[in-house]
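Contents: one structure, followed by commentary.
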């Protein structure tokens, strides 16, 4: 549940340097068509990325996770199990009287590949598959939101400077001084309270939305900081000066001059932040304030499994390993994306 | 230096003040009503009024905030007389724990401190050591193994690694003790064995972080011009490595370590929850669950204070390490 | 208006295991018949609590065979005691420790056959009444003292009752107060702190206390055995802060109490065993440690190492995930305690919203007892309940009007039939639940079963902290919700009256089903007045049957308890009144 904090700041200088190099290529007049002199930065990056074997492999794994998440209903159909049926409770001989799987290794069998969840007796394999959906959906939504907030405030601070910069800078300082775990937890009931209409049934999207909002509120600062720094340096560059002299409006300068040059840090930061959001989301669920039943969720599964350490370790091992693999793939991909954008970086 | 410290300390106070306000506001926005909860099952409206009064909750939120703030300097007497007088520095009385907030915080802090310091020693030594080794042997097998292992370990989360470690080291093998906290003054051996599993898990994850960070900043330093110059002038690889690259990389490491330390000392909720340790993190979540407002504000402020202080310390230390940076 | 609430709710809040917070708590877990599944076949034994004489009330307590004095006993439990001030004590685990620190007018002593008997504790006998229970007179024993050696007087008893009226007393029992001063007793009397005295309790001399109630209460001597009516000395009363460190009248006094961490007790030198028929007080010291999850304590008791050999646990049960293992282990048998707890789980049907009896019957028939019980530990969690009274209550009679024991997994076909007859197919049921990981799962099981029976199921998660508040509102908008109930003393009165008396309906009152049936109300009035305990018991059983026939709610399980203790201890007994391990006879082997 570590939200991306200070640890990413050491990338600042590197990124500023590299983006400015790229920015030199895309001239002031035709930023939307940057490819007229040699290869576009995008293509360069893509080539470098393809040369990075680890990057490609992790990219494929991440893609596989996405595809599995999208195809979950199909997999469920082929596999013949769904995530809401209580197989263990419906049939005799699967769970003991106190709810433990009867079969060895957590009830793993040809029918239940990863075994059964103790208690309700749902199929662990299909729960995991559907759990990817929850994780990815929230992580992507949070990434999107934090990117929007971070970009808006970062550019505003960097470009406008003065009081705006000061204000945004202090807000960031304060938010970064918050003990983030306590605040994530304490904000959940507040946000949930704001969202839910009294005595209506709590729809399933509610806990989704609440988690997304809470993580976004406290997750945009590092991106904003980096973009502010980058914008500050870009602001002084010739092509921006030129645009100003020719009388371009601030909106035009921001959208046509600055933003195209900021895609690199934005993309890199978002890719790096994504696994952090995945783990933060799971952390909230692990503490019991995240996504609720019956939506399958990895963090909640791990929290449940921690109760069965001695008696049913299978229940922990599958979600645990899946989580590690998932985050690892995302981390590797993030590293590779950064390396591809930044040939100076070290690999 | 003095001017820097004064200026930053004032800034920190302002930040803490704002954080305390936000905390107050936020906790009043949480739907549960502490007075109602304290009132218990059989709660007549009249009694609720009395309780609200004795808890000071019948006053406006800004007034309550003022009571809290002034209490730190001059102490606070709760209305109604059911509660002992709270001497300055007063962080309030916990109506749930029936104890002074400050006493509880002091009581919990050693656990968090032990957890943090114990693992920090390990992850600093091993993290920096492995990171330097990897940077030194850049591209060789040792580097590749260290990098891969640290990548896997950073992708572990406490809530995955913690239960797995408990299973592997305690439940299935009985190799180590279940995590508990015994004060080092009472029983140093018990203190050590009781915290061993949490230390191992924390160290594993954090060592990986520091390995990666050390390696990357060392490698970066090694490509800097001044290092190249030194090499070209005939300085030996090892001296360059230690005298130049390490000094350059130390800045980053100190910065990140300072920030991490500040966060860790405020209490790690998931870690303490996973291992059932009663430090500040566990206190925070417990107070949240109990709607123990004064305790929650207290523990939040302690955590925020650590973060803010260590930010200043980091900047000061950074300046000492790197003479190019001037403090103004 | 109240009966002991099972701690499961207050406690089962957030994460499972991950936090130092959770897991169902009064979830008694034990093994009814040793079989792996199915309904418990063991016939439930009705309680046998008797009332003792003045002779029975004389100390010292009956000695345990082979017991010896001395040593330190350890207690490990998940939570610190939420209250130690007698006036605030209502929850069972608080009561259990309070027995070591505080004495009451009456109390329960163990008989060699394992049953319990009501005897005089501070009083020479169990009290006398000459007018059918309206006026009660108690005489204090000689030689009863506070921890500082001053004698405990009738004025102290009177003061202790008076201070339960004070506004800072929030969580104790309120029976005696309402009997003395009416339902709005705080308006009638605000406590002794402004110098006023309560006339309904008199202390004519240093040894005599007289209670004058507004109505007859023939079982008031049971009520005064509640630890909530323990004694507090005026000179030592620190009001709210008294809760952390009470002044002892019992065999032990507090040395140190670190909230949420530990509590250490040593002998109270001024306690005289010759005055006490209840407490054996073998150990010299008690060291109590909190914050130990059920998972950990089970692990520690099974391992039985070092100091854990001398450990027991008031409240921690065998963790559900260990039940199978504990059952299978013969070596653990001698130090396993099991039994029925006084708690019954109900799923209350909101009678103001579901008026059609056929729909209520359909709910009862469709309810998945087996599935929800399996989630909470199976047979060890409890026996399927078919009555509203627990088998531990005097007068309990077995009956099963809706064939729950035949189809504990629910009978969707029968329910469908009833719904069709009622022309209520697709009836919406708003199910309110305590938003914890475990209860989310239980809700899933209920959802599946009710939907199979043709209901439309709408789950409504409630915050655990405010769960009872939310379902306690008279105009709540939920149709079905869980509630646990346990008798405060083992007669039908506290088992049924607080929950089913229609005149008690109010926001926050315990009649969660909002049943207001004149027939039931008058049956309650009639039963209360019967002086003979056995006859009264029969009347309560008849009322129970009537409630079943009216399908007022869904009885779910009679909770059970399954717990372990260390091999170095003897005399650890299961306290059926509280459903916990009793400290009274424990000794170090």
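The values are calculated or read from the model by the stated rules, or taken from the named source; none is laboratory data. Everything numeric here is computed off the predicted structure, so don't read it as measured data. FYI the Cβ positions are ideal-geometry reconstructions off the backbone, even for glycines, and counts take in every protein chain you see.
Residue-wise test of (1) free of Cβ contacts under 8 Å to residues at least 60 places away in the same chain; (2) crowded, with 19+ Cβ neighbours inside 10 Å; (3) not in a helix (DSSP H, G or I).
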{"position": "A:184", "(1), (2), (3)": "no, yes, no"}
{"position": "A:187", "(1), (2), (3)": "yes, yes, no"}
{"position": "A:194", "(1), (2), (3)": "yes, no, no"}
{"position": "A:207", "(1), (2), (3)": "no, yes, no"}
{"position": "A:225", "(1), (2), (3)": "no, yes, no"}
{"position": "A:232", "(1), (2), (3)": "no, no, no"}
{"position": "A:261", "(1), (2), (3)": "no, yes, no"}
{"position": "A:274", "(1), (2), (3)": "no, yes, no"}
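Per the listing C:518, C:533, the residue uniquely surrounded by fewer than 20 Cβ atoms within 10 Å (Cβ to Cβ) and more than 22 Å from the chain's Cα centre (by Cα) is C:518. Here is the figure for the stretch B:273-293: residues that are outside any helix (DSSP H, G or I), surrounded by fewer than 24 Cβ atoms within 10 Å (Cβ to Cβ) and on the phi < 0 side of the Ramachandran plot total 1. Give just the number: which of (1) at pLDDT below 90; (2) within 14 Å of chain A (Cβ to nearest Cβ) does residue C:301 not satisfy? For residue C:301, the failing item is (1).
With the condition kept exactly as written, say whether any residue in the stretch A:284-292 is surrounded by fewer than 24 Cβ atoms within 10 Å (Cβ to Cβ), touching a residue at least 12 places away in the same chain (Cβ under 8 Å) and part of a helix (DSSP H, G or I). Checked the stretch A:284-292: no residue is surrounded by fewer than 24 Cβ atoms within 10 Å (Cβ to Cβ), touching a residue at least 12 places away in the same chain (Cβ under 8 Å) and part of a helix (DSSP H, G or I).
Please specify each residue of the stretch B:57-75 satisfying the condition of being part of a helix (DSSP H, G or I), free of Cβ contacts under 8 Å to residues at least 40 places away in the same chain and within 18 Å of residue B:29 (Cβ to Cβ). Steps first, please.
Restricting attention to the stretch B:57-75, the residues satisfying the condition of being part of a helix (DSSP H, G or I) are B:61-74.
Next cut, free of Cβ contacts under 8 Å to residues at least 40 places away in the same chain only: B:61-63, B:66-67, B:70-74.
Within the stretch B:57-75, B:61, B:62, B:63 meet the criteria.
Somewhere in the stretch B:55-67, is a residue modelled with pLDDT of 80 or more, surrounded by 14 or more Cβ atoms within 10 Å (Cβ to Cβ) and farther than 25 Å from residue A:171 by Cα? Checking the stretch B:55-67: at least one residue is modelled with pLDDT of 80 or more, surrounded by 14 or more Cβ atoms within 10 Å (Cβ to Cβ) and farther than 25 Å from residue A:171 by Cα. The requirement of being more than 17 Å from residue C:375 (Cβ to Cβ), touching a residue at least 12 places away in the same chain (Cβ under 8 Å) and out of contact with any helix residue (DSSP H, G or I) (no Cβ under 8 Å at 6 or more places or on another chain) is fulfilled nowhere in the stretch A:116-126; no residue meets it.
The single residue among B:151, B:105, B:124 that is crowded, with 17+ Cβ neighbours inside 10 Å, more than 30 Å from residue C:260 (Cβ to Cβ) and within 19 Å of the chain's Cα centre (by Cα) turns out to be B:124. For the stretch A:93-117, filtering for residues that are in a loop (DSSP other than H, G, I, E, B) and either within 7 Å of chain C (Cβ to nearest Cβ) or surrounded by fewer than 22 Cβ atoms within 10 Å (Cβ to Cβ) (or both) leaves 14. Of the residues examined, residue A:159 is not one that is under 30 Å from residue C:321 (Cα atoms), under 28 Å from the mean Cα position of the chain (by Cα), away from chain B (no Cβ under 14 Å) and assigned to a helix (DSSP H, G or I). Set side by side, the residues A:174, A:126 differ, and just one is within 14 Å of chain B (Cβ to nearest Cβ), part of a helix (DSSP H, G or I) and farther than 22 Å from residue A:264 by Cβ, which is A:174.
Here are B:123, B:91: which of them is assigned to a loop (DSSP other than H, G, I, E, B), within 24 Å of residue B:306 (Cβ to Cβ), more than 14 Å from chain C (Cβ to nearest Cβ) and in contact (Cβ under 8 Å) with a residue 40 or more places away in the chain? Just a single option satisfies the conditions, and that option is B:91. Taken over the stretch C:92-111, the criterion of being surrounded by fewer than 22 Cβ atoms within 10 Å (Cβ to Cβ) and part of a loop (DSSP other than H, G, I, E, B) is satisfied by C:111 alone. When C:322, C:348 are checked against the criterion of being in contact (Cβ under 8 Å) with a residue 24 or more places away in the chain and not in a helix (DSSP H, G or I), C:348 stands alone in meeting it. Taking the stretch C:413-438 as the range and being assigned to a loop (DSSP other than H, G, I, E, B) and either over 18 Å from residue C:354 (Cα atoms) or free of Cβ contacts under 8 Å to residues at least 12 places away in the same chain (or both) as the test, the residues that pass are C:423, C:435, C:436. If you go through the stretch A:240-259 and keep only what is in contact (Cβ under 8 Å) with a residue 60 or more places away in the chain and closer than 30 Å to residue A:336 by Cα, you end up with A:254, A:256, A:257, A:258, A:259.
Please find, within the stretch A:79-92, the residue that is surrounded by the fewest Cβ atoms within 10 Å (Cβ to Cβ) out of those that are in contact (Cβ under 8 Å) with a residue 24 or more places away in the chain and at the interface with chain C (Cβ under 9 Å from one of its Cβ atoms). Looking at residues that are in contact (Cβ under 8 Å) with a residue 24 or more places away in the chain and at the interface with chain C (Cβ under 9 Å from one of its Cβ atoms), I get A:90. Residue B:183 - would you say it is more than 14 Å from chain A (Cβ to nearest Cβ) and touching a helix residue (DSSP H, G or I) at 6+ places or on another chain (Cβ under 8 Å)? When the stated conditions are applied, residue B:183 passes them. Within the stretch C:112-124, being part of a loop (DSSP other than H, G, I, E, B) and closer than 18 Å to residue C:250 by Cα holds for C:121, C:122, C:124.
Counting only helices (runs of 4 or more DSSP H) that sit completely within the stretch C:468-569, those holding 2 or more residues that are at pLDDT below 90 and under 30 Å from residue C:337 (Cβ atoms) correspond to C:492-500, C:533-549. Just checking, does the stretch A:119-133 include any residue being touching a strand residue (DSSP E or B) at 6+ places or on another chain (Cβ under 6 Å), at pLDDT below 80 and closer than 30 Å to residue C:323 by Cα? There is no residue in the stretch A:119-133 that is touching a strand residue (DSSP E or B) at 6+ places or on another chain (Cβ under 6 Å), at pLDDT below 80 and closer than 30 Å to residue C:323 by Cα. Scanning the stretch C:439-460 for residues that are in contact with a helix residue (DSSP H, G or I) (Cβ under 6 Å, 6 or more places away or on another chain), more than 10 Å from chain A (Cβ to nearest Cβ) and in a helix (DSSP H, G or I) turns up C:450, C:452.
Every residue, every condition in (1) under 20 Å from residue A:121 (Cβ atoms); (2) surrounded by fewer than 23 Cβ atoms within 10 Å (Cβ to Cβ), yes or no:
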position: C:367; (1), (2): yes, no
position: C:372; (1), (2): yes, no
position: C:376; (1), (2): yes, no
position: C:379; (1), (2): yes, no
position: C:384; (1), (2): yes, yes
position: C:388; (1), (2): no, no
position: C:391; (1), (2): no, yes
position: C:394; (1), (2): no, no
position: C:397; (1), (2): no, yes
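Within the stretch A:310-332, being at the interface with another protein chain (Cβ under 7 Å from one of its Cβ atoms), closer than 20 Å to residue A:112 by Cα and free of Cβ contacts under 8 Å to residues at least 24 places away in the same chain holds for A:316, A:320.
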